[in-house]
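This report concerns only the one structure given below.
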Amino acid sequence: MALTPDDIRRAALALPEAYEELHFDIPSFRVAKKIFCTIHLKEPRIMLKLDPEDQHNLSDGEVIEPVPGYWGRGGATFVWYGKLEPGRLPGLMRLAWANVAPKRLLKA
């Protein structure tokens with residue numbers, strides 16, 4: 001079964017101190033005011049803010065790919081959630097969250 005925006009929302013909000021806030025009219029998920037995920041509602045994709053090394057290691061060009069240009073070089077990564085194996089979502093979401101979360105949360 002394919003993932004839905006509600007599945008993405010649940011996974012993001014399950015992380016410590018994560019909250020939802022609109023970012024240019026699309027849902028974004030943040031920790032300590034930093035975005036780690038956005039849901040694009042016109043296309044079945046999310047953006048995860050990964051560490052560039054994780055982005056490089058996980059990119060496959062079909063389901064997970066760098067955002068083109070400047071943002072992608074900084075770790076912004078598109079994930080086509082309609083094609084993503086549901087069991088992979090929590091781990092990817094945690095990587096994105098950990099990339100921007102305060103160190104005090106990472107120790108917990």
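The values are calculated or read from the model by the stated rules, or taken from the named source; none is laboratory data. What you see is a predicted model, and the numbers here were worked out from it, not measured in a lab. In this analysis, Cβ positions are derived from the backbone assuming ideal geometry, glycine residues included, and neighbour counts consider all displayed protein chains. These area figures cover heavy atoms from the full protein model, side chains too; ligands, DNA and RNA do not enter into them. Shrake-Rupley method; radii C 1.70, N 1.55, O 1.52, S 1.80 Å.
Descriptive notes on the structure:
- Based on protein heavy atoms only, the chain ends up with 59 Å² per residue of surface accessible to a 1.4 Å probe.
- Sparsely packed trypsin sites (Lys or Arg not before Pro) within region 1-70, loop by DSSP, other Cβ within 10 Å at most 14: Lys33, Lys42
- Across region 38-51, coupling constants 3J(HN,Hα) worked out from phi with the 6.51/-1.76/1.60 Karplus curve, θ = phi - 60°, read 10, 10, 8, 7, 7, 10, x, 9, 10, 10, 10, 8, 9, 5 Hz, and Gly and Pro carry x.
- Residue-wise HN-Hα coupling along region 93-102, computed from phi with Karplus coefficients 6.51, -1.76, 1.60 (Hz; x: Gly, Pro): 5, 5, 4, 5, 4, 5, 5, 10, 5, x
- Rolling a 1.4 Å probe over the protein heavy atoms of the chain, with every protein chain left in place, gives an accessible area that is 57 percent carbon and sulfur.
- Given Lys33/Lys103; Lys83/Lys103; Lys83/Lys107; Lys42/Lys103, the pairs whose alpha carbons are separated by over 25 Å: Lys83/Lys103; Lys83/Lys107; Lys42/Lys103
- Amide H to amide H distances under 5 Å link Phe36 with Phe29, Arg30, Val31, where only residues 5 or more positions off or on other chains count and H is placed in the peptide plane.
- For region 29-51 and region 85-108, distance of Cα centres in Å: 12
- A simple spin-label model places the labels of Ser59 and Lys107 3.4 nm from each other, with each point 7 Å out along Cα-to-Cβ.
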